[in-house]
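No lab work stands behind these numbers, since they all come straight from the coordinates. Since this is a predicted model, take the numbers as computed values, not measurements. Note that we place each Cβ from the backbone using ideal geometry, even for glycine, and neighbour counts take in every protein chain shown.
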Amino acid sequence: MELSLLLSQLFNGIATGMLYVLMAMGLTIIMGTMGVVNFSHGVLFAFGAYFAYLIAEKAGFFGALLMAPVVVGMIGMVLERGLVARVYGKDPLYGLLLTFGLAMALEEVIRIGWGTAGLPFSAPGFLSSFIDLKIMFYPAYRLAVLGFILLLIAALWFFLERTTTGKIVRAGIQDSVMVGILGVNTKALFTGVFGLGTFLAGLAGVLAAPMAGIMPTMGDNVIMPSFIVIILGGIGSFWGSVTGGLMLGIIVSLCIQFVPAVAELSMYLVMALVLLVRPRGLFGEEGLFE
Amino acid sequence: MIWSKKDILWIGAVGGLFAVLPLLLPKIGSSIPVGTEIMIWGIFATGFNILLGGTGILSFGHAAFFGLAGYATGLLILKDRLPLALAIPAAVLGAFLAAALIGALIIRKRGIYFAMLTIAFGQMFYFIASQWNSLTGGLDGLTGFKRTVFLGFDIKPEVNFFYFVFGFFLLTLLFVRALLNSSIGKTLVAIRENVHRAEFLGIDVKKYQHFAFVASATFSGLAGALYALLLNFAFPELLHWKTSGDAVLMSVIGGMRAFFGPLVGAGIFVFLRDIISTYTIHWALPLGAIFVVFVLFFQKGILGIFERGNGR
Amino acid sequence: MNRHLVCNNLVKAFGGFRAVNDVSLAVPKDEIRAIIGPNGAGKSTLFNLLTGFFPPTSGRILYKDKDITNEPAYRRVKRGFSRSFQTPKIFPELSVRQNVYLAVQAYYSRSFEWNIFKFRSLDLPGKTEDLLRMFDLARHGGQLAGSLSHGDQRILEICMVMALEPAVLLLDEPTSGMSEVETNKTIDLLMKIYEEDPITMVIIEHDMRVVRRISHHITVLHQGALIAEGTYADIEADDTVRKAYFGEVR
């Protein structure tokens, strides 16, 4: 087994893993704060990519990177105020059903708007080459994505740990009822959290577009891995999402390398194993949803 | 009587309606296989609703049993290995056993975790089907089998197959109705309404939940076997969690608390898909939107609208 | 039988916190035992342990000298335990009649669960009506259980629980949230049940008038531990008890 091949596959795993981390982060704050299992997260990821396609024509890649996630976040907030908020406090399965229906409808909206065929989307020019890392050649874009998401994770960490708003969000994840009793405007908090979560999904979509191409079904391909990540890492846990995302990305990439037929299967085996043996995941709290 | 007079009347009426469908459908511009398909989804959804509406448990993995029996049927009659009369029961038995095993493993988990586990197992089946090319034909699906004769009865023609399915359809309605009327069905309701109180009435909740899972999955299997015979084709999507979602959709829209709710949902699903698809291929949008509306405002579904008091 | 329901050195720890800390008690058959103590004393946790809602961290529970420590709740119910909860656990979306019917069915299920045809011969609807009349619920028969007043929901819960013909009845704050009228009605009912056919009862109560009226013996818990036991007069005069409720004795 060539070292360079193994290493580049490993890096691929980390890169995909990083995208999973972004998705999982968004999912987990929504699940942790409002108890809603957001099945529409995948299709919003796709919307991120499609909006990026639209915006990039006028504003280039970086314009798209800046604006597309914001648009997705805003759509997320509208969906939250109009629809999702109506199922708060009910059986969590209603949230699941609602977002499942939304995902179904929204994916069709994509097909109506942009057709069923895939769309091309390229990375910015200066990143479309390979970088010589001595032990291997690796696409510059993927390294940039890796670096960018690492910065983003740090920024998110800073936001959650060091800013007042961030601390309120964390408190809300722990106990949203209590936070309301303490005087926080939970309505605004929930909308904000949903907006942030979907913003991250849209962002992941923009970043993923040059790597995997843009297709109506691209959301389908990430939604399950994202759930697997938060189950693996633990619902509501920041570091759980990071660790889980990385682990899953690497496991799947290595499987693709050595036992390709089993790659997708391995993801679900991991999920089943975690759910059966340690449902709270690596860093989650006991008793949540149990 | 395990069926009340009202039960017999209603099932009789529905049966009567479906019995004349092959005459009506061509007149309204539809076709006989559409009616067959409605019955098959009706079997799937009515059985599935033992678990969802009857016991209050959401599964997104029943397509695994639907598809498993579909593939099994295809594989068993391929190259005339087994006669149809043996293949169908064998396929359904396969679904039953798979559900018994998987159910035993996952039933102890609650709510969301359980739902996610059903997705996990469903997807495992899906990926096995799409990767195991030599056995299942992979992503292209399983072909080369055709429905022929069942105990001497030729079911190749559409009409004949319609009435063949009709028999199973009636049996399903009668059986599920009887089950829900029985003490077992009532125990499932207790579990649905307040699982702790059920436990403290001395009910072995896990055992009954497992039963509901296996019973509903067996009907999914029956539907799957018939579906594969309808299409003479089995393909991986049959196992996908989205197909499971279709059963959920039918039960919710039709009404999970009403016995005929899932059947109504199945009819709406098939008709919407077929009618809307003549105007646009984007039928998933109105269907998804309708589903959202029902989840939010009409949690008791269409048939629930006729009940006193709706919504929550 | 002096040791009908017994627990030995029961401990329930949640992480480092001991909700129940080394509690032992023995309830004789047909005694009405009250369990009292300030909030957070571990009374409900003790109940949950006794009824099998969750397992203890350590210790044993015995019923009629049989070790039931690790038995799941439904199995204890089949042995003759019956329990009510702080907030009545009934089936709110079903009618009062359906609620009682399910309890009656559950009782007979003990003998022949899967023989669904046998149930037909038992006239469960008739027995349901008898119970409804006995508990003065017949006029609410068709009503949704969730629409009953709190007091009536409690009566319904007691009716359902009695339908199981229990040998041990555990009631968690049966009169909480009730007016004086409702409280008296509930206690009258419990005493009537006891008079007609004595059973072992363990009751968590805050209302001291109820405790004085109904209980034969009292166990006092404080911060998870058993601090006193005795009759009402004993407890009333006990300084440790007073200290637990009111802080230092002046």
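Annotations for the structure displayed:
- Counting DSSP beta bridges with both ends in the protein assembly as shown, the antiparallel % (nearest 5): 60 percent
- Alpha carbon Rg of the stretch C:152-250, scaled by the compact-globule rule 2.2 N^0.38 Å: 1.18
- Here the dipole of the stretch A:21-218 is about 260 debye; that uses its Cα centre as origin and unit charges on the Cβ of Lys and Arg (positive) and Asp and Glu (negative).
- A straight line joining the Cα centroids of the stretch C:77-148 and the stretch A:57-100 runs 46 Å.
- Positive minus negative residues near residue B:226 (Lys, Arg vs Asp, Glu; Cβ under 10 Å): 0
- Nearest 10 degrees, 0 to 90: helix A:186-212 Cα axis against chain A principal axis: 10 degrees
- Proximal lysines relative to residue B:156, as straight alpha-carbon distance under 28 Å, when same-chain residues fewer than 8 apart are discounted: B:27, B:79, B:146
- Its DSSP H runs of at least 4 residues, each contributing -39,500 (n - 2.57), put the calculated 222 nm mean residue ellipticity of chain B at -24000 deg cm²/dmol, to the nearest 500.
- Nearest-0.05 FRET efficiency for residue A:276 and residue C:13, computed from C-beta distance (R0 22 Å): 0.30
- Of the DSSP H helices in chain B, those that are both long (alpha-carbon extent of 24 Å or more along the helix axis) and hydrophobic (Kyte-Doolittle mean at least -0.5) are B:32-55, B:84-106, B:111-131, B:158-181, B:205-231, B:261-279.
- The alpha carbons of the stretch B:5-243 occupy a box of 54, 48, 31 Å along the principal axes, longest dimension given first.
- Using a simple spin-label model with pseudo-atoms 7 Å out from Cα toward Cβ, residue A:7 and residue C:118 lie 7.3 nm apart.
- Ranking A:149, A:127, A:60 by how far each Cα lies toward the positive end of the dipole of the stretch A:21-218 (charges on Cβ) leaves A:149 at the top.
- Helix axis angle, C:150-163 relative to chain C longest principal axis, alpha carbon, degrees: 80 degrees
- At 0.890 mPa s and 25 °C, Stokes D of the stretch A:21-218 from Kirkwood alpha-carbon radius, µm² per second: 139 µm²/s
- Amide H contacts of residue C:20 (H built 1.01 Å from N, under 5 Å, at least 5 apart or other chain): C:12
- Charged-residue dipole, Cβ positions (Lys, Arg, Asp, Glu), chain C about Cα centre, Debye nearest 20: 680 debye
- For the pair residue B:148 and residue C:225, label points projected 7 Å from Cα toward Cβ lie 8.3 nm apart.
- Modelled label reach - residue B:19, point 7 Å along Cα→Cβ, the stretch B:155-183 residues with backbone N closer than 18 Å: B:159-175
- The GNM of chain B, with springs linking C-alpha atoms under 10 angstrom apart, assigns the highest mean-square fluctuation among B:71, B:163, B:279 to B:279.
- Rounded to the nearest 20 debye, dipole of the stretch C:1-150 from Cβ charges on Lys, Arg, Asp, Glu: 220 debye
- A Förster radius of 56 Å combined with the Cβ-Cβ distance from residue C:57 to residue B:6 puts the calculated FRET efficiency at roughly 0.60.
- Contact order relative to length of chain C, as percent, for alpha carbon pairs under 8 angstrom and 6 or more apart: 28 percent
- Here's the picture: a label point sits 7 Å out from the Cα of residue A:135 along the beta-carbon direction, and within the stretch A:1-40 the residues with their amide nitrogen under 17 Å of it are A:1-15.
- Shielding by partners for peptide B:177-187, expressed as the average number of C-beta atoms from other protein chains within 10 Å of each residue's C-beta, is 4.
- Residue (of B:188, B:29, B:129) at the positive-pole extreme of chain B, dipole from beta-carbon charges: B:188
- With a simple spin-label model that places each label point 7 Å from the Cα along the Cα-to-Cβ direction, the separation between residue A:261 and residue C:194 comes to 7.1 nm.
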